[in-house]
Amino acid sequence: MASTIRVRATSSGDTTEVQALIQHPMDSGYVKDAKGELIPPHFIQELTFEYDGKAVFTADWGPAVSKDPYVKFAFKGGKKGDDLKISWVDNKGQSDTTTAKIQ
Amino acid sequence: MRTTQSGFPATRRLILQGAGMVALVGLGNLPFGLTPAFAANDKYPEDAFKAKSDADAIKSLYGKTAEPSDKVKLDAPEIAENGAVVPISVSSSLADVTSISILVADNPNALAASYKIPAGTLPSVANRLKMAKTTNVIAIVEAGGKLYSATKEVKVTVGGCGG
Amino acid sequence: MSKMATSALASILLIAGAPSVRAASSEADFKAAYAAAEAANKQAGLLRDQWTTTAATVAAAKKAADSGDFDAAVASSREAEALAKASIFQATSEKEAWKALEIR
Amino acid sequence: MRSAIHLASAALALAALAFTAAPSAAAETPDPTADAKAFQNYFTQKFPKLKLEDFVNGPYSMNEDMHKQWEEKEQFPPYDFSLDLGKEMFSKPFKNGKSYADCFPNGGIGIRQDYPIFDQKEGKVVTLELALNRCREANGEAPFSYVKDEMAALTAYMAFTSRGKPFDIKIPNDPRALEAYQNGKRYFYTRRGQLNFSCASCHVQNPGERIRAEILAPALGILNAMPIYRSEWGGMGTISRRFTTCNSQIRGVPLDPQADEYRDLEYYLSYVSNGLPISGPGARP
């Protein structure tokens with residue numbers, strides 16, 4: 001099915017700015033559902049961005065990151081057309097990965 | 001405008017910022033005397049994310065304490081439009097930054113997010129965090145092996161007229 | 001609206017709400033009070049202006065009755081009826097009162 | 001404690017109501033064009049610094065701190081997923097081979113600003129959400145819930161294809177259309193629920209004011225950003241979901257989604273916002 005990761009990577013000059021939006025419930029484990037039971041914690045723990053085989057950014061996330069999480073950063077290097085590999089793993093062991101082209 | 005009287009029936013919205021409903025799930029409390037983690041570039045810092053207070057989380061993550069610095073810029077709203085989605089960004093003019101972390105003091109677990117900044121990556125990050133109630137947001141920047149911090153209070157409450 | 005009219009109205013409402021003091025309410029008392037509350041709320045429904053608190057209080061009355069506490073059940077039924085009547089009054093008087101708010 | 005409050009507020013509701021019936025003027029025939037002009041003037045005078053199209057941003061046009069938080073969200077808005085889902089659903093044919101494009105003028109693209117329309121055959125207002133479900137039923141598909149994600153995804157995509165186009169609601173020369181418009185206006189100004197508020201109490205008398213964490217949106221342009229991804233709901237909300245939750249917030253029992261009153265209310269609210277651009281789907285607190 002469609003990837004859960006949306007990425008916008010745009011290079012300008014010698015830096016590439018990266019924005020990512022990921023479809024994930026990011027349940028904290030403190031919220032109750034309609035029936036009053038606690039929804040178990042289910043959140044992305046690690047999100048990595050790799051360019052040219054090297055990690056350019058790694059996020060360690062806890063349950064306090066918002067639902068459908070968003071992150072923005074920038075790194076030196078990267079030019080139009082290059083690949084940027086993004087992957088995440090959550091506390092249930094689920095994961096997803098995608099490769100985006102730098103614009 | 002007269003808002004609702006106090007004591008209206010418990011709000012039915014079952015969402016995080018119903019601070020009253022935050023049931024502190026009995027997380028295994030941490031062994032006293034935390035062993036400081038190594039430089040923040042190894043695996044997922046489980047203990048730091050389980051720590052309750054911001055001080056414990058910082059000690060678990062970095063093994064040292066931070067000193068406030070105006071070279072750490074923390075951008076967060078005065079009043080969060082909604083505790084579930086609070087836009088927070090951190091940037092720094094310090095040299096060779098290796099890690100940025102963001103903590104929400106009164107959340108059930110203070111550490112919200114921790115970012116590893118390898119050489120060549122700019123020392124700046126933006127993200128959206130959840131906040132249980134009005135409290136201090138603390139930005140930590142690790143640069144040249146030392147820790148620097150900035151703090152800002154963000155007001156959080158539920159919205160609407162209660163139902 | 002004159003002070004006198006307000007207090008008259010409010011007192012009528014409160015008297016209706018005062019629980020009877022004599023012997024504990026019986027199931028029959030409950031059934032009557034409950035039916036009155038439901039009828040009033042149904043009327044409010046026809047006027048498309050029921051209150052969520054009326055429904056909650058009717059449910060509380062039923063719950064109390066099911067557990068055999070007819071005193072509480074009657075009290076809740078009377079309270080529900082009072083709320084339903086208030087919503088009926090609101091709907092009928094708003095038929096004209098809304099014009100006062102209209103942007104002209 | 002609870003019952004004391006109910007009685008007190010019920011008495012309050014009674015006391016606040018005009019005892020003697022207000023002098024009801026001869027049922028003057030409503031003049032929608034004059035209404036719309038007066039409606040828009042009220043808000044432009046109340047907020048002289050705002051341009052007309054700013055009103056479609058609701059609470060974000062009322063407060064700088066909120067506006068900054070909105071801009072941050074708009075960089076990569078949370079409704080992106082719903083928008084893509086809607087686009088995908090819109091192009092996927094039904095089991096009988098037809099698709100939504102066959103039910104709507106111009107294939108359903110760039111027409112959101114014309115809805116709701118007054119259907120002279122049926123003699124009633126037809127909203128976009130209703131038309132979508134009728135399209136599904138006409139093609140042998142089960143209708144969607146009016147308050148759930150699928151309907152929000154479809155209306156999100158259709159709104160997106162109309163972004164920037166001004167609301168263009170038409171009231172045909174048909175007394176039933178005028179009556180539906182007037183019925184929507186009456187609903188908008190009528191106090192309801194135990195809190196005894198009408199839509200106008202918040203969105204006409206107090207836009208820009210705080211109601212706990214949130215800032216009240218002005219009524220002008222309040223539907224232009226629909227459907228909305230609300231942080232409060234952690235998900236998408238259709239117009240139906242917004243109307244029903246607003247009702248329960250003021251302790252009024254909500255009517256069925258797409259009840260006549262809601263359809264007329266949407267008709268009135270959209271008409272008086274004619275000329276303001278569609279900005280949906282939107283993000284809100």
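The values are calculated or read from the model by the stated rules, or taken from the named source; none is laboratory data. On a predicted model such as this, the values are computed, not experimentally measured, just so you know. Here Cβ is always computed from backbone atoms with ideal geometry, including for glycine, and neighbour counts include all displayed protein chains. These accessible areas exclude ligands, DNA and RNA; they are computed on the full protein's heavy atoms, side chains included. Shrake-Rupley method; radii C 1.70, N 1.55, O 1.52, S 1.80 Å.
The H on the amide N of A:Thr15, modeled in the peptide plane, is under 5 Å from the matching H of A:Gly77, each at least 5 residues off or on a different chain. For region A:54-103, the equivalent ellipsoid built from the Cα gyration tensor has semi-axes of 23, 13, 10 Å, listed from largest to smallest. Look at the alpha carbon pairs under 8 Å that are at least 6 residues apart: their mean separation over the length of region B:46-156 gives a relative contact order of 33 percent. Percent relative contact order of chain D, based on C-alpha pairs within less than 8 angstrom and at least six residues apart? Taking the mean separation of contacting Cα pairs over the length of chain D, I get 27 percent. Taking trypsin sites (Lys or Arg not before Pro) across region A:1-45, the ones in a DSSP loop with at most 15 further Cβ atoms lying within 10 angstrom of their Cβ are A:Lys35.
Add +1 for every Lys or Arg and -1 for every Asp or Glu among the other residues with Cβ under 14 Å from the Cβ of C:Ser93, and state the total. Mind showing how you got there, number by number?
Working: positive: C:Lys85, C:Lys95, C:Lys99, D:Arg186, D:Arg191, D:Arg192; negative: C:Asp49, C:Glu94, C:Glu96.
It works out to a net charge of +3.
If you look at the Cα atoms of the protein assembly as shown, you get an Rg and a Dmax of 27.9, 88 Å. Here is the result for region B:61-163: no trypsin sites (Lys or Arg not before Pro) lie in DSSP coil with at most 11 other C-beta atoms within 10 angstrom of their C-beta. For the residue pairs A:Lys35/A:Lys72; B:Lys50/B:Lys152; A:Lys35/B:Lys133, the C-alpha atoms sit more than 31 angstrom apart in A:Lys35/A:Lys72.
Model label sites at D:Met89 and C:Glu27, defined 7 Å from Cα along the beta-carbon direction, differ in position by 4.9 nm.
Net charge in the neighbourhood of D:Arg192 (other residues with Cβ under 13 Å of its Cβ; Lys, Arg +1, Asp, Glu -1) is +2. Full extension of the chain between C:Ala59 and C:Ala35 gives 7.4 nm of extra length, using 0.36 nm per residue less the Cα-Cα distance. Taking 7 Å steps out from each Cα toward its Cβ at D:Asp256 and A:Ser87 produces label points 5.2 nm apart. Computing FRET efficiency as 1/(1 + (r/R0)^6) for C:Lys95 and B:Ala119, where r is the C-beta to C-beta distance and R0 is 56 Å, gives about 0.15. Chains D and B together bury roughly 2900 Å² of accessible surface, counting both sides and using a 1.4 Å probe on protein heavy atoms. Per-residue 3J(HN,Hα) values for region B:83-93, derived from phi via the Karplus relation 6.51 cos²θ - 1.76 cosθ + 1.60 with θ = phi - 60°, read x, 7, 9, 10, x, 10, 9, 10, 9, 8, 9 Hz in sequence order (x marks Gly and Pro). Label positions at A:Asp52 and D:Lys121, each projected 7 Å from the Cα along the C-beta direction, are separated by 6.4 nm. Across region D:209-217, coupling constants 3J(HN,Hα) worked out from phi with the 6.51/-1.76/1.60 Karplus curve, θ = phi - 60°, read 7, 8, 10, 6, 6, 8, 10, 6, 7 Hz, and Gly and Pro carry x. Among the cysteines of chain D, those with no neighbouring cysteine Cβ under 4.7 Å are D:Cys199, D:Cys202, D:Cys246. Here C:Lys31 is the anchor, and the lysines within straight C-alpha reach of less than 30 Å, apart from those fewer than 8 places off in the same chain, are C:Lys42, C:Lys62, C:Lys63, C:Lys85.
Other residues within the sphere of radius under 15 Å centred on the Cβ of A:His42, judged by their own Cβ, net out at -3 (K and R +1, D and E -1). In chain D, the longest principal axis of the Cα atoms and the axis of helix D:64-75 are about 10 degrees apart.
Restriction of the trypsin sites (Lys or Arg not before Pro) in region D:56-132 to DSSP coil positions whose beta-carbon has at most 10 other beta-carbons within 10 angstrom yields D:Lys95, D:Lys121. In order along region D:278-285, the phi-based Karplus estimate (6.51 cos²θ - 1.76 cosθ + 1.60, θ = phi - 60°) of 3J(HN,Hα) comes to 5, 10, x, x, x, 10, 9, x Hz; Gly and Pro are listed as x. FRET efficiency for the pair B:Ser93 and A:Asp33, taken as 1/(1 + (r/R0)^6) with r the Cβ-Cβ distance and R0 = 41 Å, rounds to 0.35.
Helix-only mean residue ellipticity at 222 nm, chain D, DSSP H runs n ≥ 4 weighted -39,500 (n - 2.57), per residue, nearest 500. What is it?
-13000 deg cm²/dmol
Within the same chain, lysines fewer than 8 places from D:Lys37 are excluded, and of the rest, those with a Cα less than 17 Å from its Cα are D:Lys46, D:Lys51, D:Lys170, D:Lys185. Calculation over all alpha carbon pairs of chain D in 5 angstrom steps from 0 returns a P(r) of 1, 5, 11, 16, 18, 18, 13, 9, 6, 3, 1, 0, 0 percent.
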